[in-house]
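Shown next, in structure tokens, is the structure this report addresses.
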Amino acid sequence: MAVNKNFVVKNGIEVGQGLLFADSGQVGVGTTSTSATLEVKGITHSEGIKVSGVTTAVSKLQVGTGGTTLFVDAEAGNVGVTTTVPAFLLDVRSPVSSGTTALFVQGDAQVTGDLTLGGALDGGSTSPTLTVDQINVTGLATFGGYVDINNDVDFSSNINVGGISTLGGYVDINDDVDISGTLNVSGISTLSFVDINNGDIVVTSIG
């Protein structure tokens, strides 16, 4: 059927018992109970979607096959990267346990709570490694494995060293230092209280 002018439906249209429904400025696909300008009941496939306003995922948001790239559980309030079962507010998991950078931050990062280094940090291993340029700790810091800090270190509270730790640059520790492993200090250092439990402290320069 060819129509050579505008095709106008004034009182709504329904195709295939709700397969396509349009009425009162709203369109429904797979449903006749529309609550938005466009409402689709079922899975939608598209080559691309451009949204200029706010997008809301009421339940879950998945990116990648089955959410394997990014998974947002709106009900639990957790976000997972390469995991569909995020156990934390932000759960980032590398495909392997070590050797792959799972999280990269360009710029400042601030942690107001505890920072825990787990995994194979068993006090005697050199892997995995924590390597930073500068660290400022106002609470309790516990290092269980190999720690390499290349620049200034400022601890205003306690530090516990369980593995091999190298502190380079200016080191200022104002409170207790509990060493059960090896602590290497290669810069100008100020250590207030040092408690060595079967470990070593090596200071190459102190001021």
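Here are some notes:
- Any hit, segment 17-37, residues being at pLDDT 85 or above and among the charged types (D, E, K, R): no
- Counting residues in segment 113-129 that are surrounded by 10 or more Cβ atoms within 10 Å (Cβ to Cβ), modelled with pLDDT of 80 or more and part of a strand (DSSP E or B) gives zero.
- Condition check for THR56: loosely packed, with under 15 Cβ neighbours inside 10 Å and closer than 30 Å to THR101 by Cβ: no
The values are calculated or read from the model by the stated rules, or taken from the named source; none is laboratory data. Just so you know, these numbers come straight off a predicted model, no measurement behind them. Glycine gets a Cβ as well: all are built from the backbone with ideal geometry, and neighbour counts include every protein chain shown.
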